[in-house]
1. Determine whether the stretch B:126-146 contains at least one residue that is in a strand (DSSP E or B), of a type in the set (A, V, I, L, M), touching a helix residue (DSSP H, G or I) at 6+ places or on another chain (Cβ under 8 Å) and within 14 Å of chain A (Cβ to nearest Cβ).
2. What residue, among those in the stretch B:78-96 that are under 17 Å from the mean Cα position of the chain (by Cα) and surrounded by fewer than 24 Cβ atoms within 10 Å (Cβ to Cβ), is nearest to the other protein chains (Cβ to nearest Cβ)?
3. What residue, of B:Leu117, B:Leu102, is open to solvent by less than 20 Å² (accessible area, probe 1.4 Å), under 21 Å from B:Asn188 (Cα atoms) and within 14 Å of another protein chain (Cβ to nearest Cβ)?
4. Among the residues of the stretch A:29-36, is any open to solvent by 50 Å² or more (accessible area, probe 1.4 Å) and touching a helix residue (DSSP H, G or I) at 6+ places or on another chain (Cβ under 8 Å)?
5. Looking at B:Ala149, B:Ala180, which one is over 13 Å from the mean Cα position of the chain (by Cα), at pLDDT 95 or above and open to solvent by less than 40 Å² (accessible area, probe 1.4 Å)?
6. Residues to consider are B:Val164, B:Val72; find the one that is in a helix (DSSP H, G or I), aliphatic (A, V, I, L, M) and away from chain A (no Cβ under 14 Å).
7. Any idea which of (1) open to solvent by 80 Å² or more (accessible area, probe 1.4 Å); (2) under 25 Å from B:Tyr56 (Cβ atoms); (3) within 14 Å of another protein chain (Cβ to nearest Cβ) is the one A:Thr21 doesn't satisfy?
8. Testing B:Asp43 on (1) open to solvent by 10 Å² or more (accessible area, probe 1.4 Å); (2) within 14 Å of chain A (Cβ to nearest Cβ); (3) within 23 Å of B:Lys19 (Cα to Cα), one condition comes back false. Which one is that?
Amino acid sequence: MMIAKIHVTLKGSVLDPQGTTITKSLNSLGYDEVRDVRIGKYMEVKIDTTDRKIAEERVTEMCEKLLANTVIEKYEFELVEA
Amino acid sequence: MRFAVLVFPGSNCDIDAVKAVEDVLGEPVDSVWHTETDLSQYDCVIVPGGFSYGDYLRSGAVASLSPVMGAVKEHAAAGKLVIGICNGFQILTETGLLPGVLRHNDHLQFRCEISELRVENTDTAFTNDYEKGQVIRIPIAHGEGNYFADQATIDQLKANNQIVFTYHGTNPNGSIENIAGICNEQGNVLGMMPHPERAVHELLGSADGKAMFTSIFRTWGEKHGA
């Protein structure tokens with residue numbers, strides 16, 4: 001078994017209104033050093049394979065087809081032994 | 001003329017759409033469950049609003065993979081009419097039948113109110129009973145109606161006259177170019193955030209949505225000599 005740890009985040013060129021709101025909230029808590037927050041999604045996908053290469057191909061496909069909307073989002077993942 | 005209104009788990013504007021077709025046109029209309037794979041008997045498919053699959057992952061993302069959406073793609077490829085309203089618009093963009101994506105409203109609030117729309121394109125099957133530039137009052141009810149696409153796509157939409165409705169006056173969600181509704185390049189697939197099916201009688205606050213249904217019926221009639 002392997003686990004794909006997937007991060008889906010907005011592309012850099014896309015404004016993130018949630019992130020902007022959280023930036024302001026952190027600033028108002030006194031964290032003046034906070035300049036920007038970007039909100040994303042984290043997913044763990046458990047995969048029944050031990051072949052890292054196949055897992056990588058399959059997870060890439062999953063991200064392209066469903067887990068990310070590549071019009072506005074980008075994704076990255078790492079594979080770990082479960 | 002035969003209409004299908006798709007129903008997904010979490011759809012909640014499907015009955016409104018059925019009633020609008022019945023009340024405005026009196027034409028046959030069926031509610032069609034998302035597991036259906038054959039839509040060949042229908043002339044127009046309405047993908048209604050709601051929260052299909054609880055908006056899990058992204059609004060419209062899970063519904064776009066339903067069996068019925070394969071049939072909707074075939075229906076659209078055959079040149080027949082498809083309308084996606086609100087969540088239906090989100091489903092059509094996720095399916096790839098329409099370009100772009102609907103993001104969270106820029107102010108992050110859910111907006112439920114009457115909005116003013118400008119009819120930008122009256123050469124479509126859905127809008128030929130309106131006047132070009134006509135301002136109509138149609139309700140909106142969404143948290144994720146902020147239309148976004150890259151500049152190349154926007155340029156293409158403009159060049160092909162695919163922007164069908166824009167918000168007039170106030171833009172309620174931050175959409176690019178004030179876009180409220182677009183169609184595909186062929187003009188037979190329309191997606192819009194506002195709800196014409198909720199504006200078919202003065203008692204509902206507006207009857208401005210009626211002309212969408214009469215446009216569709218007129219187009220079909222002209223094509224089929226009815």
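1. No; the residues of the stretch B:126-146 include none that is in a strand (DSSP E or B), of a type in the set (A, V, I, L, M), touching a helix residue (DSSP H, G or I) at 6+ places or on another chain (Cβ under 8 Å) and within 14 Å of chain A (Cβ to nearest Cβ).
2. B:Gly96
3. B:Leu102
4. yes
5. Just one listed residue meets the conditions, B:Ala149.
6. B:Val72 is the lone residue from the list that is in a helix (DSSP H, G or I), aliphatic (A, V, I, L, M) and away from chain A (no Cβ under 14 Å).
7. (1)
8. (2)
The values are calculated or read from the model by the stated rules, or taken from the named source; none is laboratory data. Predicted, not measured: the structure shown is a model, and the values here were computed from it. With ideal geometry, Cβ positions are generated from the backbone for all residues, glycine too; neighbour counts draw on all protein chains shown. We work out accessible area using only protein heavy atoms, side chains counted, and drop any ligands, DNA or RNA first. Shrake-Rupley method; radii C 1.70, N 1.55, O 1.52, S 1.80 Å.
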